[in-house]
1. Test of understanding: among 87, 93, 103, 36, which residue is at pLDDT 95 or above and over 22 Å from residue 23 (Cβ atoms)?
2. Within the range 69-85, track down each residue that is surrounded by 18 or more Cβ atoms within 10 Å (Cβ to Cβ) and over 20 Å from residue 4 (Cα atoms).
3. Going by the conditions given, is residue 129 under 15 Å from residue 37 (Cα atoms) and at pLDDT 95 or above?
4. So if I check each of 59, 25, which one is at pLDDT 95 or above, out of contact with any strand residue (DSSP E or B) (no Cβ under 8 Å at 6 or more places or on another chain) and either within 20 Å of residue 99 (Cα to Cα) or buried (at least 16 other Cβ atoms within 10 Å of the Cβ) (or both)?
5. State whether the residues of the range 68-75 include one that is at pLDDT 95 or above, under 22 Å from residue 119 (Cα atoms) and more than 14 Å from the chain's Cα centre (by Cα).
6. Looking at the range 11-22, is at least one residue at pLDDT 95 or above, surrounded by fewer than 23 Cβ atoms within 10 Å (Cβ to Cβ) and part of a strand (DSSP E or B)?
7. Which residues, counting only those in the range 88-121, are surrounded by 16 or more Cβ atoms within 10 Å (Cβ to Cβ) and under 13 Å from the mean Cα position of the chain (by Cα)?
8. With respect to residue 42, determine if the residue is on the phi < 0 side of the Ramachandran plot, in contact (Cβ under 8 Å) with a residue 60 or more places away in the chain and part of a loop (DSSP other than H, G, I, E, B).
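The values are calculated or read from the model by the stated rules, or taken from the named source; none is laboratory data. Since the structure is predicted, the reported quantities are computational estimates derived from the model, not experimental observations. A quick note on method: Cβ atoms are made from the backbone with ideal geometry, for glycine too, and the neighbour counts reach across all protein chains shown.
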C-alpha cells in the first residue's frame, strides 16, 4: 500500500501541539508521507520587514517543526513557500501530487488566514480533501 501523501501548510502554528497531534494521529493509523510548506508571510508583529526577513522566519519555523516531527518518527520534508498560502499550495502541487492538505491556522480573531476565508478558497481552487487544524501559536520561533 502506497503511503498517503499529505501537504501540510502552516506558519505560526507549524510547531503547535494541535498540528503535531494531528500529524501523529494520521501517521499511527496508516502509512503517510508529509511535506510541510511554511509560507513566507510578512510578520504582522514587525513594523518594517524585508522579503528576506519573512523568508528567514519561515525557514526557521519550517526547520524547527521538521526537527520536532522527525524526532517523533514522522517522515517529512519541507519548503518555504510564497507569501500567499494559496500560491504556496499551488507551487507545491506543481512539484508533486498530494492526496490531501492539512491547513493549520490560528484561532478565529487571531488568524489572518481565517479572516481571508483561506480554507474555503483552498478547497474551491484545488478540490483536494482539506483538513483545517485550529491551533494555538507555539512559542515564538523567529
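1. When all the criteria are applied, what remains is 87.
2. Hits for the range 69-85 are 80, 81, 85.
3. Values: under 15 Å from residue 37 (Cα atoms): no; at pLDDT 95 or above: yes.
When the stated conditions are applied, residue 129 does not pass them.
4. On the way: 59 fails: out of contact with any strand residue (DSSP E or B) (no Cβ under 8 Å at 6 or more places or on another chain).
The match here is 25.
5. Within the range 68-75 (the criterion being at pLDDT 95 or above, under 22 Å from residue 119 (Cα atoms) and more than 14 Å from the chain's Cα centre (by Cα)), the answer is no, since none of the residues qualifies.
6. no
7. Result: 88, 89, 92, 101, 102, 103, 104, 105, 106, 113, 118, 119.
8. In short, no.
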